[in-house]
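Each remark here refers to the structure printed beneath this line.
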Amino acid sequence: MLEINDLWVDINGKEVLKGVNLTIPAGETHILFGKNGSGKSSLLMTIMGFRRYKVRQGRISFKGVDITKLPIHERAKMGIGMAFQRPPSIRGVKTREVFNVCNIHSVSCDELADKFNFSGLLERELNVGFSGGEMKKSELLQLLLQDPDLVMLDEPESGVDLENLQVLGKAMNKLLEKYLWRTRAKSGLVISHLGFILNYIEADAGYVLLDGRIHCHGNPRELFKGIQRHGYQECVSCQR
Amino acid sequence: MSEVRKTRAEQAKEKKAAFGSDVDLLKYQLLSNHQSDPLELDPLTNEDRVKIIQSGIDLDGQDKAGTFFQTDHRIVHCSAKQPGLEVLPTAQALAEYPWLEELYWQAVPVDADKYTAQAELHFQNGYFIRALEGQRVTTPIQACLYMKHDNTAQNVHNIVIAEEGSELNIITGCATAPSLQSGIHIGISEFYVKRGAKLSFTMIHDWAEEVMVRPRSGIIVEEDGLFLSNYVSLRPVRSLQMYPTTRLIGSGAVARFHSILLAPPGCELDTGARVVLEASHTRAEIVSRTITTGGVIKARGHLVGLKPNVKAHLECHGLILADEGIIHAIPELEGHKSGVEMSHEAAVGKIAEEEIEYLMARGLTEEEATAAIVRGFLNVQIEGLPPELQAKVDEAIEESEKSML
C-alpha cells in the first residue's frame with residue numbers, strides 16, 4: 001500500500017528526516033514511536049504532501065504510484081487520509097461544511113455526529129473553541145467520512161480523557177477495519193507518544209523514530225515495553 | 001433657520017474632509033432639481049434592472065412594506081403599504097411637517113465639509129422614512145438611489161425616524177447604470193431612533209469604477225433604542241470615504257455596525273464607524289471584514305466611552321489576497337471614565353497556508369480551499385437582522401466571490 005525509500009526531508013533548510021525506509025502492506029497497521037521532535041509528525045506531513053516539508057531525496061509510493069510530487073488534494077483523492085495532532089481553527093468555516101467535503105459516500109453527517117455525541121459542534125466554526133478531545137473526535141469523524149485506504153493518525157490519544165478514549169478507540173477500529181470477520185484492506189500509520197493507543201487498536205508492527213531515522217522495528221507491544229523499561233536511548237544502540 | 005444653514009454651508013463649500021482623498025466637485029454636472037412629483041413612467045432599461053437587482057432591490061416591490069426609488073435627481077417611485085409607515089421624498093416631508101426642520105441636519109453638521117455643504121446648497125431630494133409610535137414594521141422597506149447620467153453629482157438627503165417603540169427594517173441599494181463611468185454620490189443620512197425603537201439598516205453598494213462616493217451619516221439613539229447597520233461594498237468604485245457617527249444618548253441604547261468590503265485594484269475605501277457612548281449602560285459593537293485584491297482599504301473604528309458602565313467592542317479583520325493591496329486598520333478606543341469596558345481586536349494578513357493545506361488534505365483543490373476560507377471570513381451573521389435581509393447580504397457575497405478569486 002505504502003512504500004517509502006530513502007526519504008530525506010527538510011523544513012526551512014533543517015533536516016528532519018534522514019533516509020527513512022518504510023513499507024506498510026495492505027491491511028496492516030503500523031505504529032510510530034519516538035520522542036518529541038524526533039520527526040514523527042514530519043513523516044506524516046510529508047506523506048500527506050504539505051509544502052513546507054521539502055523532499056530532498058527519496059521516493060514515496062502509494063498503491064504502486066509515485067506520489068512524491070503530487071499535490072495534497074490528489075493524494076487525498078487517491079485514498080490517503082490524516083487526523084492531525086493540532087488541526088488549525090478556521091474562522092467562519094462551519095464544521096458541517098468540512099464534514100460535507102469529506103463525505104465521499106454521502107452518509108448522514110447528522111447520524112454519525114449523533115452516534116459520537118458530536119451533534120452540538122456541527123454548526124460551530126471548525127475547531128474554534130473546541131477542547132482537545134473535541135478536536136480529536138472531529139478529526140476522526142472527518143476521516144470516517146473520507147474513508148481513506150491509508151489512515152494516518154497523529155497522536156490521536158493526546159489530550160483525550162479516558163471516557164472519550166474508548167469512544168475514539170471505537171472510531172479508530174472502524175477506520176482501520178479491525179474486525180475479525182473481515183479481510184482487512186485498510187492500512188494505518190499511527191503516531192503514539194504515550195502508547196495508550198495499543199490498548200485500543202491492534203497494531204501489526206512498530207518503529208522507533210529518533211532524530212529523523214528509524215532505529216528499531218518489531219512487535220509494537222514489545223517495543224513499547226522496551227521503551228518503558230529502558231527509554232529511547234536503548235533504541236539508538238539496538239540495531240534491530 | 002434655513003438661512004443660517006445656507007450661510008454655514010456656503011462657508012464650508014471649500015472645506016476638505018478630514019479623511020479620504022479630496023474630490024474636485026466642479027468636475028461634475030449638477031442636474032436640475034425642479035421636479036416634485038414621482039415620474040409616471042419607468043425609465044429603466046433591462047440593463048438597469050439587472051444592476052438594481054444586484055444591489056438587493058426587488059423591482060416589483062410586492063413583498064416590501066414600502067419602496068423608494070430615485071434615479072439621479074428624480075423620484076421614480078415612492079410608496080408605503082403598511083399603516084403607520086411613511087415613505088416620502090424628503091422635500092415633500094419637509095413641506096408637510098414643519099417640525100422636521102428641528103431635526104434636519106441635527107445628526108450631521110451641515111458644515112462638516114464640502115460634501116455636506118453641496119448636499120445643502122444643491123439639494124436633490126432623497127427619502128424620508130418614518131415608523132409611527134409603536135408601529136412594528138417588520139417587513140423590510142427598500143430604497144434605491146440610482147445614478148444614470150454620466151459625470152454628474154447626486155446629492156441626496158435622507159431622514160429615517162423610528163418613533164418610540166417602533167421597528168423599521170430598511171434595505172438600500174445604491175448603484176450606477178452600466179453606461180455610467182464617472183460621477184459623485186453624496187448622501188446625507190440622518191437616523192433618529194427614539195426610546196425603545198429598533199432600526200435595522202442594510203446598505204449594499206454597487207458603483208462603477210470611476211465613481212466617487214461620499215456618504216455622510218449621523219445616528220442618534222435614545223433610551224433602550226437599537227440601531228443595526230449592515231454595509232456591503234463588493235464592487236469596484238474609485239473612492240469611497242465615510243465615517244458615520246452614532247450618539248447613544250439614552251441608557252440601554254445599543255448600536256451595532258457590520259461591514260463587508262472588497263477593494264479590487266484601483267479602488268480606495270476609507271470607511272469605518274464611530275460610536276459615542278454618552279449614557280450609562282449603553283453598548284456598541286463595530287465589526288469589519290475587509291478584503292483587498294489590489295486596492296487600498298483604511299478600516300477605521302472609534303469608540304468613545306463618556307459614562308461609566310458602558311460596554312463596547314471593535315473588530316477589524318483584513319485579508320490581503322494580492323501583494324499590491326494595502327489594508328490599514330485603525331482601531332481607536334477612547335475612555336473617559338474608569339467604569340468603561342472597551343476592547344478591540346485587529347488582524348491583517350493573508351490566508352494561513354496551514355488552513356488551505358488542511359482543507360486540501362480533505363480533498364479540496366487549492367482554489368476551492370481558498371474560496372471556502374474567504375467565504376467563511378466574510379460570513380458575518382448579524383444578530384437581529386431579518387433573515388430576508390441576511391439572505392440579500394449572502395447573495396451579494398456569493399455573487400462577488402467569482403470575481404474575487
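General remarks:
- For region B:345-358, residues that are more than 7 Å from every other protein chain (Cβ to nearest Cβ) and surrounded by fewer than 17 Cβ atoms within 10 Å (Cβ to Cβ) total 7.
- Region B:187-214 - residue that is at pLDDT 90 or above and aromatic (Phe, Trp, Tyr) and, of those, surrounded by the most Cβ atoms within 10 Å (Cβ to Cβ): B:191
- For region A:77-114, a residue qualifies if it is more than 9 Å from every other protein chain (Cβ to nearest Cβ) and of a type in the set (Gly, Ala, Ser), and the qualifying residues are A:79, A:83, A:106, A:108, A:113.
- Extreme residue, modelled with the highest pLDDT, among residues of region A:109-148 that are touching a helix residue (DSSP H, G or I) at 6+ places or on another chain (Cβ under 8 Å) and of a type in the set (Lys, Arg): A:124
- Among the candidates B:400, B:338, residue that is away from chain A (no Cβ under 14 Å), within 23 Å of residue B:298 (Cβ to Cβ) and modelled with pLDDT under 95: B:400
Residues checked against (1) crowded, with 24+ Cβ neighbours inside 10 Å; (2) farther than 15 Å from residue B:128 by Cβ; (3) of a type in the set (A, V, I, L, M):
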position	(1), (2), (3)
B:155	yes, yes, no
B:164	no, yes, no
B:173	yes, yes, no
B:177	no, yes, yes
B:181	no, yes, no
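- Of residues in region B:215-228 being over 15 Å from residue B:158 (Cα atoms) and not hydrophobic (A, V, I, L, M, F, W, C), the one surrounded by the fewest Cβ atoms within 10 Å (Cβ to Cβ): B:223
- Top-ranked residue of region B:313-326 - restricted to ones that are over 20 Å from the mean Cα position of the chain (by Cα) and part of a strand (DSSP E or B), ranked as surrounded by the most Cβ atoms within 10 Å (Cβ to Cβ): B:319
- Looking only at region A:149-163, and only at residues there that are at pLDDT below 90 and under 13 Å from the mean Cα position of the chain (by Cα), the one that is surrounded by the fewest Cβ atoms within 10 Å (Cβ to Cβ): A:158
- Against the test of being of a type in the set (Asp, Glu) and within 14 Å of chain B (Cβ to nearest Cβ), the options A:28, A:15, A:74 yield a single qualifying residue, A:74.
- Residue A:128 surrounded by fewer than 17 Cβ atoms within 10 Å (Cβ to Cβ) and among the aliphatic types (A, V, I, L, M): yes
- Among the residues of region B:193-245, those identified as of a type in the set (Asp, Glu) and assigned to a strand (DSSP E or B) are B:206, B:210.
- Given (1) among the polar types (S, T, N, Q); (2) assigned to a strand (DSSP E or B); (3) surrounded by fewer than 17 Cβ atoms within 10 Å (Cβ to Cβ), number of the condition residue B:106 does not satisfy: (2)
- Residue in region B:359-372 that is surrounded by 15 or more Cβ atoms within 10 Å (Cβ to Cβ) and either touching a Ser or Thr at 6+ places or on another chain (Cβ under 7 Å) or more than 14 Å from chain A (Cβ to nearest Cβ) (or both) present: no
- Test for residue B:334: is it surrounded by fewer than 16 Cβ atoms within 10 Å (Cβ to Cβ) and assigned to a strand (DSSP E or B): yes
- Any pair with Cβ under 6 angstrom, 6 or more apart, that starts in region A:33-62 at a residue that is without any contact (Cβ under 8 Å) to a residue 40 or more places away in the chain and ends at one that is surrounded by 17 or more Cβ atoms within 10 Å (Cβ to Cβ) and not hydrophobic (A, V, I, L, M, F, W, C): A:45/A:53; A:46/A:53; A:49/A:75; A:50/B:357
- Set side by side, the residues A:60, A:67 differ, and just one is buried (at least 23 other Cβ atoms within 10 Å of the Cβ) and closer than 21 Å to residue A:188 by Cβ, which is A:60.
- For residue A:106, the conditions (1) on the phi < 0 side of the Ramachandran plot; (2) polar (S, T, N, Q); (3) modelled with pLDDT under 90 all hold with the exception of (1).
The values are calculated or read from the model by the stated rules, or taken from the named source; none is laboratory data. Just so it is clear, the structure is predicted and the values come from calculations on it, not from any experiment. With ideal geometry, Cβ positions are generated from the backbone for all residues, glycine too; neighbour counts draw on all protein chains shown.
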